[in-house]
Amino acid sequence: MATVDVRYARIGLTIVLGVLLAVTAGGAFDELLWSLFAPVLLVGAAGALVSGRGLPVRVPVEVIAVLAGVTLAVVAAGGTLGDVADALVQGPRQLLTTEWPSPTVPTVVGAVALLLGATTAIAVDLAGRSRLHLAPLAVLAVGWAAALAIGAPVQPPTW
């Protein structure tokens, strides 16, 4: 009988929770945006591949995965590669200063994707370490609070 490494089970559960976080983050736009799943899934896959490796390997791979996820989300929202830099710099300000629900402009979608990607990257990295049992859940809880805050005018999900 084959055994499954517990590390990969924790990482898989963290990715599932990241997908639920992406569903919650869609509240900023008052709709479910499929492009918000890109950073979660890319970062989750990259984090699972480099889990157990040294810090000089994990950090660059996860940063590249976050940037690739943001790029995919921006392009899927109708943006260009030039909008990716705007999403990283001006996107958070636009997200906080626009009307509600936030418009689905590529820079704002990229800012939310950056939140999702960074949260998932940190949580997946912590899930790959056996001594930090509940640390990934703490990171996801902070991300979930931020996702609820950017979609605040809607009643929070009760599930």
### Query
Gap in Å between the Cα centre of region 91-144 and the Cα centre of region 11-41?
9
### region 26-72: C-alpha gyration tensor shape, a/c 1.5 cut-off, then a/b vs b/c
prolate
### If the convex hull is drawn through the Cα atoms of region 6-150, its volume per residue in Å³
88
#### Entry: Using alpha-carbon coordinates, inclination of helix 106-127 to the longest axis of the chain, degrees
20
### Summary
Whole-Hz Karplus couplings 3J(HN,Hα) for region 23-36, θ = phi - 60° and coefficients 6.51, -1.76, 1.60, Gly and Pro as x, run 5, 5, 5, x, x, 5, 10, 6, 6, 7, 9, 5, 5, 6
### Task
Name the most mobile residue of Arg93, Arg53, Arg129, meaning the one with the largest mean-square fluctuation, in a Gaussian network model of the chain with Cα contacts below 10 Å.
Arg53
### Query
How large is the charge dipole for region 6-150, taken about the Cα centre, if only the Cβ atoms of Lys, Arg (+1) and Asp, Glu (-1) carry charge, to the nearest 20 debye?
760
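Return the calculated 222 nm mean residue ellipticity for the chain, to the nearest 500 deg cm²/dmol, obtained by summing -39500 (n - 2.57) across DSSP H runs with n ≥ 4 and dividing by the residue count.
Computed ellipticity for the chain at 222 nm equals -23000 deg cm²/dmol.
Starting from 0.36 nm per residue, how many nanometres of slack lie between Ala138 and Arg53 once their C-alpha separation is accounted for?
Numbers: separation 85, 0.36 × 85 = 30.60 nm, distance 2.27 nm.
Answer, rounded to one decimal: 28.3 nm.
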### Summary
For the chain, the longest principal axis of the Cα atoms and the Cα long axis of helix 55-76 enclose an angle in degrees, to the nearest 10, of 30
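Only the coordinates and a few stated rules stand behind these numbers; no lab work does. Everything quoted here is computed from the prediction, not taken from an experiment. Don't worry about glycine lacking a Cβ; one is built from the backbone with ideal geometry, like all the others, and counts go over all protein chains shown.
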